[in-house]
Amino acid sequence: EVQLVESGGGLVQPGSPLKLSCAASGFTFSSNWLNWIRQAPGKGLEWVASINPDGSSTYYPDTVKGRFVVSKDNAKNTGYLQMNNLRSEDTAMYYCARTGFAYWGQGTLVTVSS
Amino acid sequence: DVVMTQTPPSLSVAIGQSVSISCKSSQSLVASDKNTYLNWLLQSPGRSPKRLIYQVSKLDSGVPDRFSGSGSEKDFTLKISRVEAEDLGVYYCLQGTHLPLTFGSGTKLEIK
């Protein structure tokens, strides 16, 4: 069974860093893209980052470029989203999803507030 | 950036009725490999999104054939025939052809 489990969310102050994890099982993690998507409270979905199967290429929208870094450790079947210089507008549920957005995790909530 | 214009924002339908949701993109979604990367997702209340359809019209495993996708280039439609209670939630289109990847604003389906 394909599973993606996010962790690492929490309440942080503006300007703080936070690192999210996405533990994968039930499929060949090293052969899959990993995507991060967020959803602000009561709002729609926003793509945040993608990384290719071997981790050599990463992609971001302008809203997070230069602040967020996506990575994956294929030996540990785990992906990461390092978020730096967090802003109040980064408050959201963060989901990871594999290639093609066919499978999603349950999400981890990040709240940025003083 | 590719803008995905999704309509209507909400629908209220009776069980057994059929509905259609439209998604129009500001650019053609035909990729250099000739595939069209247009997906439809459903987010049921309190749940994570779930992909229903990929590449315009291909149903994901386990998705009832009451769901169908159609369209090309910049104009796409999700149709649900014979709506059931379990279909309620918010439907999103997602284009995967151009970076940045972009979602439609969502269509909330309610059951009368």
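The values are calculated or read from the model by the stated rules, or taken from the named source; none is laboratory data. Predicted model only: the values in this text are computed from it and were never measured. Ideal geometry is used to build each Cβ from the backbone, glycine not excepted, and the neighbour counts take in all protein chains shown. To get the accessible areas, we keep the full protein, side chains included, count just its heavy atoms, and leave off ligands, DNA and RNA. Shrake-Rupley method; radii C 1.70, N 1.55, O 1.52, S 1.80 Å.
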**Fill in**
By my count, strands (runs of 3 or more DSSP E) wholly in the stretch A:1-48 with at least 3 residues that are within 12 Å of chain B (Cβ to nearest Cβ) are A:3-7, A:34-39
**Complete:** Within the stretch B:49-72, of all residues that are farther than 14 Å from B:LEU94 by Cα, open to solvent by 30 Å² or more (accessible area, probe 1.4 Å) and part of a loop (DSSP other than H, G, I, E, B), the one nearest to the other protein chains (Cβ to nearest Cβ) is B:SER61
**Complete:** Among residues of the stretch B:9-27 being open to solvent by 40 Å² or more (accessible area, probe 1.4 Å) and outside any strand (DSSP E or B), the residue nearest to the other protein chains (Cβ to nearest Cβ) is B:PRO9
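If I go through the stretch A:50-63 residue by residue, how many of them are in a loop (DSSP other than H, G, I, E, B), within 14 Å of chain B (Cβ to nearest Cβ) and more than 13 Å from A:PHE29 (Cα to Cα)? Break it down into steps so the answer makes sense when it comes.
Of all residues in the stretch A:50-63, those in a loop (DSSP other than H, G, I, E, B) come to A:52-57, A:60-63.
With the extra rule that they be within 14 Å of chain B (Cβ to nearest Cβ), the set shrinks to A:52, A:57, A:60-63.
Applying the additional criterion that residues be more than 13 Å from A:PHE29 (Cα to Cα) yields A:57, A:60-63.
The number of residues fulfilling the criteria is 5.
Quick one: how many residues across the stretch B:81-105 are part of a loop (DSSP other than H, G, I, E, B) and surrounded by fewer than 20 Cβ atoms within 10 Å (Cβ to Cβ)? Quick ask: steps written out before the conclusion?
Filtering the stretch B:81-105 for residues part of a loop (DSSP other than H, G, I, E, B) gives B:81-84, B:88, B:96-101, B:104-105.
Applying the additional criterion that residues be surrounded by fewer than 20 Cβ atoms within 10 Å (Cβ to Cβ) yields B:81-82, B:84, B:88, B:97-100, B:105.
Here the count works out to 9.
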**Message:** With the structure loaded, tell me whether B:ARG82 is of a type outside the set (Asp, Glu), touching a Gly at 6+ places or on another chain (Cβ under 8 Å) and away from every other protein chain (no Cβ under 11 Å) or whether it fails that test.
**Reply:** yes
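If the requirement is being among the polar types (S, T, N, Q) and open to solvent by less than 40 Å² (accessible area, probe 1.4 Å), which of these qualifies: A:SER31, A:SER50, A:SER56?
Numbers: A:SER31 fails: open to solvent by less than 40 Å² (accessible area, probe 1.4 Å); A:SER56 fails: open to solvent by less than 40 Å² (accessible area, probe 1.4 Å).
The match here is A:SER50.
Output the residue which, of all residues in the stretch B:37-48 that are in contact with a Gly (Cβ under 9 Å, 6 or more places away or on another chain) and surrounded by 17 or more Cβ atoms within 10 Å (Cβ to Cβ), is farthest from B:ILE21 (Cα to Cα). Let's see the steps before the verdict.
If we filter the stretch B:37-48 for residues that are in contact with a Gly (Cβ under 9 Å, 6 or more places away or on another chain), which is where we start, we get B:37-40, B:42-45, B:47-48.
From what is left, the residues that are surrounded by 17 or more Cβ atoms within 10 Å (Cβ to Cβ) are B:37-40, B:42-43, B:48.
Working: B:TYR37: 17, B:LEU38: 14, B:ASN39: 13, B:TRP40: 10, B:LEU42: 12, B:GLN43: 15, B:SER48: 20 Å.
Among residues in the stretch B:37-48 that are in contact with a Gly (Cβ under 9 Å, 6 or more places away or on another chain) and surrounded by 17 or more Cβ atoms within 10 Å (Cβ to Cβ), the one farthest from B:ILE21 (Cα to Cα) is B:SER48.
Quick check, is B:GLN95 within 14 Å of another protein chain (Cβ to nearest Cβ) and in contact (Cβ under 8 Å) with a residue 60 or more places away in the chain?
On the way: within 14 Å of another protein chain (Cβ to nearest Cβ): yes; in contact (Cβ under 8 Å) with a residue 60 or more places away in the chain: yes.
Against the criterion (within 14 Å of another protein chain (Cβ to nearest Cβ) and in contact (Cβ under 8 Å) with a residue 60 or more places away in the chain), B:GLN95 qualifies.
Can we say B:THR5 is under 14 Å from the mean Cα position of the chain (by Cα) and among the hydroxyl-bearing types (Ser, Thr, Tyr)? Talk me through it step by step, then tell me what you get.
Values: under 14 Å from the mean Cα position of the chain (by Cα): yes; among the hydroxyl-bearing types (Ser, Thr, Tyr): yes.
For B:THR5, the condition - under 14 Å from the mean Cα position of the chain (by Cα) and among the hydroxyl-bearing types (Ser, Thr, Tyr) - is met.
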